[in-house]
1. Could you tell me which numbered condition GLY226 fails, if it satisfies all but one of (1) small (Gly, Ala, Ser); (2) outside any loop (DSSP other than H, G, I, E, B); (3) at pLDDT 95 or above?
2. Over 30 Å from PHE196 (Cβ atoms) and in a strand (DSSP E or B) - does that describe any residue in region 13-30?
3. Which ones in region 14-64 are charged (D, E, K, R), touching a residue at least 12 places away in the same chain (Cβ under 8 Å) and under 22 Å from PHE113 (Cβ atoms)?
4. Quick check, is LEU132 more than 25 Å from VAL7 (Cα to Cα), surrounded by 13 or more Cβ atoms within 10 Å (Cβ to Cβ), in the same structural domain as ASN235 (by TED's automatic domain parsing) and among the hydrophobic types (A, V, I, L, M, F, W, C)?
5. Would you mind stating whether ASN197 is surrounded by fewer than 18 Cβ atoms within 10 Å (Cβ to Cβ), out of contact with any Gly (no Cβ under 7 Å at 6 or more places or on another chain) and polar (S, T, N, Q)?
6. Out of (1) loosely packed, with under 15 Cβ neighbours inside 10 Å; (2) in contact (Cβ under 8 Å) with a residue 12 or more places away in the chain; (3) outside any strand (DSSP E or B), the odd one out for SER207 is which?
7. Residue check, PRO72 against (1) under 20 Å from GLU5 (Cβ atoms); (2) of a type outside the set (A, V, I, L, M, F, W, C); (3) surrounded by 21 or more Cβ atoms within 10 Å (Cβ to Cβ), all met but one. Which one?
8. Pull up region 211-231, narrow it to residues that are buried (at least 17 other Cβ atoms within 10 Å of the Cβ) and in contact with a Lys or Arg (Cβ under 8 Å, 6 or more places away or on another chain), then point me to the one that is nearest to GLN180 (Cα to Cα).
Amino acid sequence: MEGYEPVMSFDAANAEVYDDLAQRGDEAATVAFLAELAAGGPALELAIGTGRIALPLAATGVRVDGIDFSAPMVAKLRAKPGGGAIDVTMGDFADVAVDGTYALIYIVFNSFFNLLSQDDQIRCFENVASHLGDGGSFVMEGGCTLAFIDRMRGGQYVEAEGIAIDTVRFDLLRLDPSTQMLYENHVHVARDGVTFNPVVQRYAWPSELDLMAKLAGLRLQERWGGWNRQAFTANSDNVVSVYRRC
């Protein structure tokens with residue numbers, strides 16, 4: 001996507017509507033899953049954003065730190081109750097530029113794939129591994145699945161996300177399998193104009209994620225088809241992977 005910069009997906013306009021669009025109904029299950037793995041120890045969220053998961057996780061008593069590169073998204077986090085108590089490092093989450101170790105490091109909502117090269121994705125795994133305490137877990141939500149591919153026709157789709165009398169929102173997506181790149185734009189059309197939320201990601205199959213983990217000295221411990229620990233199958237529409245040290 002010519003002229004694209006990752007920060008475009010998380011600018012002030014998109015931060016303003018993110019919380020309304022990102023609610024999926026599995027937030028409570030996500031928090032319960034992560035709190036169990038943290039087991040009272042500190043947690044670090046990569047791409048913490050507006051705190052959709054971090055804030056309710058912190059409310060369970062887990063100390064949550066975060067990393068993000070979008071000032072508008074973090075400003076939304078800060079404006080929420082409890083947001084000021086979360087320590088957020090501004091920067092590239094692949095660097096994991098924090099001190100100390102964590103019982104849990106996690107990344108949700110396919111955000112890992114905002115790293116647009118395999119080298120950066122491997123670097124993220126390696127840096128995560130260096131910040132995991134003994135017995136610590138790295139939890140990642142995301143990964144390409146057959147269920148996702150089956151939604152495509154010729155490697156692309158158009159999907160209505162919202163339809164009202166005076167506004168519509170639709171999602172346009174195209175894959176390039178030769179480069180494992182995903183090009184997407186959420187388009188909102190209303191009486192007062194049109195807005196765009198472009199997204200570019202480098203997607204990966206779960207098997208590639210497992211190899212990246214192995215290169216970083218981690219190994220797959222659990223894999224689920226969602227936060228309620230439903231079985232992961234070829235037809236799962238979500239992937240939740242738990243990695244620990246080899």
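1. For GLY226, the exception is condition (2).
2. The initial filter retains those residues of region 13-30 that are over 30 Å from PHE196 (Cβ atoms), namely 28-29.
Still in the list and also in a strand (DSSP E or B): none.
Among the residues of region 13-30, not one is over 30 Å from PHE196 (Cβ atoms) and in a strand (DSSP E or B), which makes the answer no.
3. ASP19, ASP26, GLU27, GLU45, ARG52
4. Numbers: more than 25 Å from VAL7 (Cα to Cα): yes; surrounded by 13 or more Cβ atoms within 10 Å (Cβ to Cβ): yes; in the same structural domain as ASN235 (by TED's automatic domain parsing): yes; among the hydrophobic types (A, V, I, L, M, F, W, C): yes.
Answer is yes for this residue.
5. Numbers: surrounded by fewer than 18 Cβ atoms within 10 Å (Cβ to Cβ): no; out of contact with any Gly (no Cβ under 7 Å at 6 or more places or on another chain): yes; polar (S, T, N, Q): yes.
Spelling it out, it is not the case that ASN197 is surrounded by fewer than 18 Cβ atoms within 10 Å (Cβ to Cβ), out of contact with any Gly (no Cβ under 7 Å at 6 or more places or on another chain) and polar (S, T, N, Q).
6. Evaluating SER207 over (1) loosely packed, with under 15 Cβ neighbours inside 10 Å; (2) in contact (Cβ under 8 Å) with a residue 12 or more places away in the chain; (3) outside any strand (DSSP E or B) leaves (2) as the failure.
7. (3)
8. From region 211-231, those buried (at least 17 other Cβ atoms within 10 Å of the Cβ) are 212-213, 216, 218, 223-227; that's our starting set.
Going one step further and asking which of them are in contact with a Lys or Arg (Cβ under 8 Å, 6 or more places away or on another chain), we end up with 213, 218.
Working: ALA213: 18, LEU218: 23 Å.
Ranking the qualifying residues of region 211-231, first place goes to ALA213.
The values are calculated or read from the model by the stated rules, or taken from the named source; none is laboratory data. Please read these numbers as outputs of a predicted model, since none were measured by experiment. We place every Cβ from the backbone using ideal geometry, glycine too, and count neighbours over all the protein chains shown.
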